[in-house]
Each structure stands twice: as structure tokens, then as C-alpha cells.
Amino acid sequence: MPVMHETAVDSIRNVLGRYSVAVDDRDFDAVGQCFTADAIANYSGLTIPQGRENVVDYIRGIERTSVSQHYLIPMIIEVHGDTAYTMSYCMSVLIQSKDGETRSVARGLRYRDHWRFTDRGWQIENRLHTADWTWDLPARVDPGAMWDVGAKGDTSTG
């Protein structure tokens with residue numbers, strides 16, 4: 001099987017994907033690998049103290065939700081030698097319990113990231129996270145089948 005060589009753009013896109021999966025899987029070690037040791041981050045106007053551990057500690061707040069899914073679309077990836085810039089749109093869906101009710105809280109986000117190529121590969125050195133919109137609706141959490149199948153193969157929406 002031939003060896004596939006990633007371009008810088010592919011590598012950065014893969015780190016963005018790993019970040020989303022790691023946040024949703026609550027794999028905070030993997031989240032940390034996406035950031036430089038001296039990372040700077042601002043999440044919706046809140047400046048996080050400098051450093052990878054501080055950024056990860058802030059992101060760890062996702063544990064207050066029972067389930068999350070981040071849908072990330074890297075729109076712009078510009079590479080300039082050992083530095084890069086990305087702007088990505090994201091929709092995050094968070095399932096939370098509020099006042100005994102299961103809620104679906106979704107947010108339309110933008111990530112503006114500055115990257116540096118390190119001995120660990122491409123890592124985010126500066127993140128600006130902006131929330132553009134939010135919805136908060138009742139949610140039904142039922143990961144089973146979408147349709148009930150009757151004895152004769154009839155289907156009805158569930």
C-alpha cells in the first residue's frame with residue numbers, strides 16, 4: 001500500500017477534526033495536543049490565562065453536558081512556512097439537563113486560529129472563539145431506531 005503524505009493543509013484540517021472528536025469524547029489529553037504549550041485563547045470574550053493546561057481546563061467545562069457534538073468546517077486555511085491561519089465555522093450541539101428537563105443547546109461558532117509547526121506537528125498557538133447565535137430547545141434523547149417497523153414491514157415515523 002502506498003504511503004500517503006499529508007500536506008500542511010491536510011495536517012491542520014486533521015488536527016481540527018481531532019480537536020472536535022476529542023472534545024466530544026472528553027479526551028482532554030488529546031485536546032491538549034492540539035495546542036502549543038504557550039497557547040493563548042479567548043472564548044466568547046473570556047480571555048483564558050496563557051498556557052495549554054489553562055486552555056484545556058476551560059474546555060473541560062464541557063463535562064457539565066451529557067452529550068456534545070461539534071460540526072466543524074474549515075473554511076480558510078493559509079500556510080506561511082512554519083505558521084498558519086485558519087477560520088472555521090462550527091455548530092456545537094450540547095445536551096444538557098436544566099430544571100429536570102433535557103435541553104438541546106446549539107451554538108453557531110467561529111474559530112480564528114493562528115498555528116505554529118512544532119516538534120509535535122501543527123498546533124494552535126492563538127485561538128479566538130466567537131459565538132454568533134444560540135438556540136435552547138427541549139430535546140428527546142433516544143439513540144434507538146428512527147422508525148418503528150410493524151409486523152408487515154410498515155413504517156411510521158417515531
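For this structure, a couple of remarks:
- Computed over the stretch 9-59, the convex hull of the alpha-carbon atoms projects to a mean area of 3.6 nm².
- Rel. contact order, % - alpha carbon contacts under 8 angstrom, at least six apart, the chain: 19 percent
- Trypsin sites (Lys or Arg not before Pro) within the stretch 65-127, DSSP loop, no more than 16 other Cβ atoms inside 10 Å: ARG120
- Positive end of the dipole of the stretch 8-141 (Cβ unit charges, origin at the Cα centre): among HIS70, VAL21, LEU128, the Cα lying farthest that way belongs to HIS70.
- Around the amide H of ASN126, modelled in the peptide plane, lie the amide H atoms of ILE40, HIS114, all under 5 Å away and 5 or more residues distant in sequence or on another chain.
- 3J(HN,Hα) couplings calculated from phi for the stretch 97-114 with the Karplus curve 6.51 cos²θ - 1.76 cosθ + 1.60 (θ = phi - 60°) are, in sequence order, 9, 10, 6, x, 10, 7, 10, 9, 10, 10, 9, x, 10, 10, 10, 10, 10, 9 Hz; Gly and Pro show x.
- Only the Cβ atoms of Lys and Arg (+1) and of Asp and Glu (-1) were treated as charged; on that basis the dipole of the stretch 8-141 about its Cα centre amounts to roughly 300 debye.
- Antiparallel bridge percentage (DSSP; both residues within the chain; nearest 5): 90 percent
- Long-range amide H partners of VAL67 with built H, under 5 Å: ILE95
- D (Stokes-Einstein, µm²/s), Kirkwood Cα radius, the stretch 8-141, 1.002 mPa s at 20 °C: 141 µm²/s
Each value in this text was obtained by applying a stated rule to the coordinates, not by laboratory testing. Computed from a predicted model, the values in this text were never measured in an experiment. Neighbour counts run over all protein chains shown; Cβ positions are idealised from the backbone, glycine included.
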